[in-house]
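Each remark here refers to the structure printed beneath this line.
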Amino acid sequence: MVMSPELDRATVLGDEAAARGHLARICFKTGPPTLTGVELEWTVHDAADPTRPVDRERLRAALGRHSPVTLDPTSPTDELRRGGTVTVEPGGQVEISTPPRPSVAALISATEADITQLRTRLDAAGLVLGRTGMDPWRPPRPAVETARYRAMRDVFDRRGPAGRAMMYSTAGLQVCLDAGEPDQVAQRWAAAHAVGPPLLAAFATADRHAGRPTGWASARMAAWLAIDPARTRPVWSPADADRDPVAAWTDYALAAPLLCVRGDGPDWTPPADVTFTDWLAGALPRPPTTDDLEYHVSTLFPPVRPRGYLELRYLDAQPGRAWTVPLAVLAALFADRTTTGDALAAAGPVTDRWHDAARHGLADPALATAAVALFELALAALPGLDLPAGLYDETHRAIRRRQAAAERGQR
């Protein structure tokens with residue numbers, strides 16, 4: 001997220017009111033909903049032996065000038081040919097973050113070109129991208145160590161192994177949508193959450209990990225939900241239907257425990273259970289700044305996170321080009337107010353069933369029924385995305401196949 005120049009990121013936050021005011025300015029940027037973005041994450045594997053660990057140096061050599069500074073502090077961090085930025089997660093997962101585009105067709109075209117460039121570099125190094133949301137072959141293992149990642153691991157370890165599984169073994173697909181005009185924000189915020197469980201179920205790919213079945217349709221989402229509810233539970237639920245999204249997010253962010261406290265040394269691990277509100281009240285030696293608050297927000301991982309736009313974080317990584325299907329479904333569902341309202345209503349009976357979606361996927365009849373209805377709405381709205389004929393036909397067929405799979409789950 002690019003911050004407005006008038007916001008001084010080094011300003012000391014003197015009290016909770018100042019923190020709330022800053023979050024209110026940055027979390028929901030309103031305006032016509034015209035842009036869509038995507039972030040694609042993959043596990044990375046040796047092409048000959050997918051069970052073999054891939055270390056930091058091999059990734060650095062493969063990515064070259066596109067390496068993030070976490071791999072190579074001297075890297076120029078060049079963007080990919082169509083503007084995608086490459087990052088590497090703590091387990092060696094590679095991610096492309098795209099610039100937002102005014103049309104889904106332009107977004108798909110640019111992103112596919114960047115994926116091709118990335119695949120070409122990895123192929124030359126004997127590496128391939130994974131096809132699921134959880135590493136199906138290897139147990140959790142660190143590939144990249146930074147002060148942030150060490151602090152995350154230390155904090156997550158207090159609650160059990162789920163944090164390491166998330167950090168080192170998961171791969172997700174994030175779709176980024178505009179928050180909308182002021183009078184649209186509440187509806188789009190609610191719908192972004194409500195459609196999450198049925199779409200998570202419909203696009204779950206993470207049923208295997210470390211060489212064995214997990215018992216979950218999405219073990220990736222199971223890991224996220226198990227880390228720490230204070231930073232991974234949904235911000236919105238049906239009980240919050242009438243609550244202001246800004247107030248809900250501000251309360252969530254300030255009540256969440258600190259995950260990292262940045263300093264000059266290698267240890268950024270915070271004291272246990274100190275929240276940002278506690279920090280504002282003097283729990284740490286120095287007062288927090290606006291930059292500290294923004295960094296703290298970057299360590300919160302709910303299924304939908306406001307970053308000026310809405311970042312939908314609940315989808316598993318998809319195989320090959322299949323990432324375009326949930327992107328098109330979400331873009332269609334949020335293309336106009338009526339369809340978004342219909343999607344919110346269709347998902348209503350299952351809006352809070354995140355755990356069931358991760359566990360059972362479309363084997364849960366209620367989730368399958370909601371997914372069928374959402375796919376029908378997406379198909380009806382699909383012409384409004386103005387996709388080229390070939391891409392439209394491909395997407396329409398793919399959504400129909402997903403809808404047929406969901407219909408089987410209803411029986």
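Each of Ile108, Ile115 was scored by other Cβ atoms within 10 Å of its Cβ. Arranged with the fewest first, they read Ile115, Ile108.
Compactness of the chain, taken as the C-alpha radius of gyration over 2.2 N^0.38 Å, stands at 0.95. Peptides 264-275, 14-25 ranked from most to least packed, by the mean per-residue count of other Cβ atoms within 10 Å: 14-25, 264-275.
Hydrodynamic radius of the range 5-88 by the Kirkwood approach over all distinct alpha-carbon pairs: 17.0 Å. Stretching the chain fully between Arg321 and Thr277 yields a gain of 11.5 nm (0.36 nm per residue, less the alpha carbon separation).
State which helices in the chain qualify, where a helix is a whole DSSP H run, it must extend 27 Å or more along its own axis by its Cα atoms, and its mean Kyte-Doolittle hydropathy must be at least 0.0. Helices passing the filter in the chain: 104-124.
Working from label points 7 Å from Cα in the Cα-to-Cβ sense, the Ala10 to Glu181 distance is 4.1 nm.
Packing around the peptides 387-399, 88-100, 244-256, taken as the average count of other Cβ atoms within 10 Å per residue, puts them in this order, highest first: 88-100, 244-256, 387-399.
With the highest mean first, a sort of the peptides 67-79, 218-230 on other beta-carbon atoms found within 10 angstrom per residue produces 218-230, 67-79. Label point of Glu145 set 7 angstrom out along Cα-Cβ; within the range 232-276, amide nitrogens under 16 Å from it belong to 265-269.
Cβ crowding within 10 Å, taken as a proxy for footprinting-reagent exposure, orders Phe156, Phe334 from fewest neighbours to most as Phe156, Phe334.
Over all other residues within a Cβ to Cβ distance under 12 Å of Ala381, the charged ones net out to -3, with Lys and Arg as +1 and Asp and Glu as -1.
Given Cα pairs under 8 Å that are at least 6 residues apart, what percent is the relative contact order of the range 265-411? After rounding, I find 21 percent. Going by neighbour counts of Cβ atoms within 10 Å, the residues His45, His360 line up, fewest first, as His360, His45.
Determine, from the Cβ-Cβ distance of Arg262 and Ala124 and an R0 of 51 Å, the FRET efficiency 1/(1 + (r/R0)^6), rounded to the nearest 0.05. With a Förster radius of 51 Å, E is 0.90.
Can you tell me how the range 158-216 classifies by the Cα gyration tensor, rounded, prolate or oblate, using a/c under 1.5 as the rounded cut? It comes out prolate by the Cα gyration axes.
Quick note: the coordinates plus some simple rules give every number you see, no bench work behind them. What you see is a predicted model; the values in this text were computed from it and never measured. Note: ideal-geometry Cβ built from the backbone for every residue, glycine included; neighbour counts use all protein chains shown.
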